[in-house]
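Read the structure below first, then the notes.
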Ligand SMILES: Cc1cc2nc3c(=O)[nH]c(=O)nc-3n(C[C@H](O)[C@H](O)[C@H](O)COP(=O)(O)O)c2cc1C
């Protein structure tokens with residue numbers, strides 16, 4: 001089972017990208033999680049598109065098409081998800097045979113605040129409805145108080161969070177299997 005993972009943060013020591021690395025360590029059997037770095041995707045511009053969709057967007061679209069599921073790590077900026085993530089999603093939405101359509105998707109997020117990106121994740125569900133991704137509703141992963149749960153390199157150290165993430169990945173595997181069968 002192939003999963004493609006995107007982080008909405010561009011910074012090196014990102015908690016959210018750290019969650020993806022943790023997921024790669026904790027993944028259940030038969031699941032492979034590939035991280036795709038969205039850094040460098042230009043801001044969506046119809047004129048750029050008319051002159052040719054950027055290589056990186058085409059590459060990401062292919063990877064999503066070939067994946068069994070998508071895992072999104074969702075940072076919260078000003079009570080919403082980041083512009084970097086929205087930008088990547090907007091580009092993907094303009095590819096032929098829109099690759100998010102019908103694709104199982106799970107999300108997770110971390111922030112230093114109390115609510116662990118709950119507002120960002122709720123908002124992200126809206127464009128995903130339009131793109132017809134098959135979003136897994138539960139278990140939810142909201143990692144609040146991230147400063148105490150990640151080390152200085154942005155890697156997850158908190159045992160309970162690892163346990164919960166592992167549970168979510170197991171549920172995602174089952175969700176994908178159900179979606180594939182139906
Ligand atoms: C412009 C901006 C707005 C932010 N707004 C929020 C917010 O609304 N809620 C929140 O929990 N954290 C907020 N933060 C803090 C981020 O959660 C924090 O920077 C976090 O480390 C970002 O994720 P990352 O570690 O993956 O880069 C904000 C940070 C920035 C730079």
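What follows draws every value from the coordinates through simple rules; no lab data is involved. Because the structure is a prediction, the values reported are computed rather than measured. All Cβ positions, even for glycine, are placed from backbone atoms using ideal geometry, and neighbour counts span all protein chains on display.
Using helices alone, what [θ] at 222 nm do you get for the chain, with -39,500 (n - 2.57) per DSSP H run of 4 or more residues, divided over all residues and rounded to the nearest 500?
It lands at -13000 deg cm²/dmol.
Any idea how far apart residue 43 and residue 30 come out in nm if each label point goes 7 Å out from Cα toward Cβ?
The modelled label-to-label distance comes out at 4.6 nm.
Starting from the 7 Å offset along Cα-to-Cβ, what nm value, one decimal, do you get for the label separation of residue 125 and residue 79?
Taking the simple label geometry, residue 125 and residue 79 are separated by 1.7 nm.
For a Förster distance of 35 Å, can you work out the FRET efficiency between the beta-carbons of residue 51 and residue 180, rounded to the nearest 0.05?
0.40
Calculate the FRET efficiency for residue 86 and residue 12 from the Cβ-Cβ distance with a Förster distance of 25 Å, rounded to the nearest 0.05.
After rounding to 0.05, the efficiency reads 0.75.
Output the Cα-based Rg and Dmax of the chain in Å, rounding Rg to one decimal and Dmax to a whole number.
15.5, 48
Between helix 83-93 and the chain, what is the angle of the helix's C-alpha long axis to the longest principal axis, kept within 0 to 90° and rounded to the nearest 10?
Around 50 degrees separate the two axes.
May I ask for the distance between the Cα centers of region 56-102 and region 124-146, given as a whole number of Å?
A separation of 13 Å, based on Cα centres.
Based on the Kirkwood radius over alpha-carbon pairs, what value in µm²/s does the Stokes-Einstein equation return for the translational diffusion coefficient of region 1-97 at 20 °C and 1.002 mPa s?
In µm²/s, the coefficient is 152.
Quick one: length gained pulling residue 138 to residue 157 fully straight, 0.36 nm per residue minus the C-alpha distance?
This chain segment gains 4.6 nm when fully extended.
Tally the DSSP beta bridges in the chain and give the antiparallel ones as a percent, rounded to 5.
15
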